[in-house]
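Beneath this line is the structure, given in structure tokens, with notes to follow.
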Amino acid sequence: MCGIVGAIAERNVVPILMEGLRRLEYRGYDSAGIAVRADDGHIQRIRSVGKVGELQHRLDTQPLVGRLGIAHTRWATHGIPAERNAHPHMSGERVAVVHNGIIENHADLRAELSAQGFSFTSETDTEVIAHLLAYHLGEGEDLLSAVRSSTSRMVGAYALAVACPDEAERLIVARLGSPLVIGIGVEENFIASDVFALLPVTQRFIFLEEGDIAEIRRGSVRVLDAQGNEVERPVRISQLTASTADKGPYRHYMLKEIFEQPAVIAETLEGRIYKGRLLEESFGHEAKRLLDAAKGVHIIACGTSYHAGLVARYWLEEVGVPCSVEVASEFRYRQVVVPKDTLFVTISQSGETADTLAALRESKKMGYLGSLCVCNVPESSLVRESDVAVMTRAGPEIGVASTKAFTTQLVALRLLALALARRHGMDREKEKTLVEELESLPRQVEVALSLSEAIEEMANAFAEKTHALFLGRGTFYPVAMEGALKLKEISYIHAEAYPAGELKHGPLALVDADMPVICALPNDPLLEKVLSNLQEVRARGGELFLFSDERIRINLDHYHSLTLADICPSTAPIVYTIPLQLLAYHTAVLKGTDVDQPRNLAKSVTVE
Ligand code: G6P
């Protein structure tokens, strides 16, 4: 997936496009490009490999000026990161396009267009769009009609912005399956993959729906729906401001976001619990109907959000609700048996992950009771298309490795588990205890954060290692999976998570003095079992790094450990996640990797 931005104004749009790209870099950062229409009617384009900063260097020596333009930051799907594959793509001098998504029938279209004499200069799927547009323009169609004709030939997902040298007064955009917003200014208008890219210039947005095509002029926006009918789409005011996501005093966004967790967890609980009670009305009216009827839950998500779902499964089954959890990319192509009255739950930070969104859409044909999403972005497609949305209030998460989004998802899922527990006989006393545990969570997370310096010290033992093993049992198994994912994505150390009881069935063969083994040791009924598993590691010379409850006694010959205090059982998976985030962070800093934008990854994956 990629980020796109476009603008039409009375002023030079280049600084607006470049700031937009910087803000969209989380969506991909292996190459970037910009094309603006100069007042003499020429399209001028500059592209470069690497991050947006590289493109800025090129612009510093070769400035561009124009009042209409489009730009792109890329995460390679078709074709390696190279200047020729960077967007905008052009068909000669005729038209320029930026695209986020994947055109699945690009090979057929490429063959057809090549046969007609169009020559290709890249390996991308996007270049076929540029030539398709040029073909239709060549047939005498105007730009809007050429976009309609071209999109009708395309199979796949796209958010497009198109600029044409002959058109000083309008940009055309289209979306299907990939996100696109229109930012409304005063005598100037903008488009982008998300709201955040445009916050420096506006807080007023139109969200396009599937199949929409829009004509963006300086003073007006005209939207046509999938059938070509002119439609009104509401203008919404975003509550976010341009400064919401500054790094502040922190060296990296990731560290800032880790330290924001006490505040955003409190924010996520705000108005949802009060005096030992869950305020279920805060989920909305539709939620009551679904929760009353739900006999089981299917959870679908990707990446870190999937790990949140795995933790929630333990919580839901504990209160008697059957639950299965699956990654969205598997779910959508599987023959799923849906038991009667099953609630479909998606979890997503961005609300735009292509696989999760496709799974939600698929679920609507499969006989589920209804859909509920746990999501961090109110304007996202997932929120708009779900029956009920339980919002996490983590604020913008910029670091590619998810931290505060994960812990706030777990908080939202705890609330959901409480709501369902009420329907399965939870008494007032139990509810009070569990709500109080949630209330004390921000303080417990603060205590865990105070280990940061000690963990920085501990990280020295990891920086030179090439492998690491994370162990856990019960809810701490998915917590271990999340710890391993954090370490591998930002420090590039190969890390695996195993249920501690499975160690003897294979991974034990890997354990030696070069294999650090990391384990959370909460004070729970599985403690003795986990300790026995850790004995097995010690017997093979494995080095143990433990995060444990100060109340427990660890009967092992040698280990490194840091202790946590006052941990409550129901929220312990959330608290124990914190040291694992810090361990990954400090290890990556020691290794000198790009913590906020690790190689090959992107924050929001809006392609399949
Ligand atoms: C990408 C991100 C992960 C995230 C996953 C799912 O892989 O790098 O951090 O967990 O997508 O994203 P979502 O927005 O649906 O939670």
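Mean silhouette area of the range 1-148, derived from the convex hull of its C-alpha atoms and averaged over all directions, reads 8.5 nm².
Of all beta bridges that DSSP places with both ends in the chain, some 60 percent have antiparallel geometry. Annotation note: GluC sites (Glu not before Pro) in the range 4-94 located in DSSP loop regions with a Cβ neighbour count of at most 11 within 10 Å are GLU10.
Counted by neighbouring Cβ atoms within 10 Å, the residues VAL345, VAL447 run from fewest to most as VAL447, VAL345. Helix 404-422 and the longest principal axis of the C-alpha atoms of the chain enclose an angle of approximately 60°. Distance between the modelled labels on LEU240 and LYS288, one decimal in nanometres: 3.3 nm (7 Å Cα→Cβ projection). Based on the convex hull around the alpha carbon atoms, the chain presents an average projected area of 27.9 nm². Entry for the range 210-284 at q = 0.12, 0.21 Å⁻¹: log10 I(q)/I(0) = -0.73, -0.94, Debye formula applied to identical alpha-carbon scatterers, no solvent contribution. With Cα atoms as the point set, the range 560-599 shows a radius of gyration and Dmax of 13.3, 38 Å. Among rounded, prolate and oblate, which fits the range 403-533 when a ≥ b ≥ c are the square roots of the eigenvalues of its C-alpha gyration tensor, a/c under 1.5 means rounded, and a/b larger than b/c means prolate? It comes out prolate by the Cα gyration axes. Classify the range 499-592 as rounded, prolate or oblate, taking a ≥ b ≥ c as the square roots of the eigenvalues of its Cα gyration tensor: rounded when a/c is under 1.5, otherwise prolate if a/b is larger than b/c and oblate if not. Oblate shape, in that a/c is at least 1.5 and b/c is the bigger or equal ratio.
Between ASP514 and GLU139, what length comes free when the chain is fully extended (0.36 nm per residue of separation minus the Cα-Cα distance, one decimal in nm)? Result for the pair: 128.4 nm of gain on full extension. Shape verdict for the range 283-366, please, from the Cα gyration tensor: rounded (a/c under 1.5), prolate (a/b greater than b/c) or oblate. Note, shape of the range 283-366 comes out rounded. Full extension of the chain between ARG222 and ALA111 yields a length gain of 36.6 nm, computed as 0.36 nm times the residue separation minus the alpha carbon distance. The angle between the Cα long axis of helix 527-539 and the main principal axis of the chain comes to about 80°, on a 0 to 90 degree scale. Which longest run of the chain has no exposed loop site in it, a site being chymotrypsin sites (Phe, Trp or Tyr not before Pro) in a DSSP loop with at most 14 other beta carbons within 10 Å, and the site itself not part of the run? It runs 334-608.
Each 5 Å bin from zero holds the following percent of Cα-Cα pairs in the range 290-419: 2, 12, 24, 27, 21, 10, 3, 1. Given their separation in residues at 0.36 nm each and the Cα-Cα distance between them, ALA263 and GLU230 gain 7.5 nm when the chain is fully extended.
Under the combined filter of DSSP loop state and at most 14 neighbouring Cβ atoms within 10 Å, the range 260-302 retains these GluC sites (Glu not before Pro): GLU270.
Think of it as helices only: each DSSP H run of n ≥ 4 in the chain is worth -39500 (n - 2.57), and spread over all residues that comes to -10500 deg cm²/dmol at 222 nm. Measuring against 32 Å, Cα to Cα, the residue pairs LYS295/LYS603; LYS247/LYS430; LYS486/LYS529; LYS432/LYS603; LYS247/LYS432 contain LYS295/LYS603; LYS247/LYS430; LYS432/LYS603; LYS247/LYS432 as the ones spanning a longer distance. Over all pairs of distinct alpha carbons, what does the Kirkwood formula give as the hydrodynamic radius of the range 80-223, in Å? After inverting the mean inverse Cα-Cα distance, the result is 15.4 Å. Kindly list the residues of the range 6-37 that lie in the label zone of GLN62, defined by a backbone N under 11 Å from the point 7 Å along the Cα-to-C-beta vector. The answer is 34. Summarising the overall dimensions of the range 439-503 from its C-alpha atoms, the Rg and Dmax are 13.4, 40 angstrom. Between the Cα long axis of helix 354-363 and the first principal axis of the chain there is an angle of about 80°, rounded to the nearest 10.
Just to verify a number: FRET efficiency for GLU83 and GLU317, C-beta to C-beta distance, R0 = 41 Å, to 0.05? Once rounded, the FRET efficiency stands at 0.20.
Spin-label pair ASN555-ASP40: with each label point 7 Å from Cα along the Cα-Cβ axis, the two points sit 8.5 nm from one another. For LYS488, a cut-off of 18 angstrom between C-alpha atoms picks up these aspartates and glutamates, skipping any fewer than 8 places away in its own chain: GLU456, GLU464, GLU496, ASP514, ASP594, ASP596.
Read-outs throughout are calculated quantities, based only on the coordinates presented, and are distinct from any laboratory measurement. This is a predicted model, so every value here is computed, not measured. Neighbour counts are summed over all protein chains in view; Cβ atoms, including those assigned to glycine, are modelled from backbone coordinates with ideal geometry.
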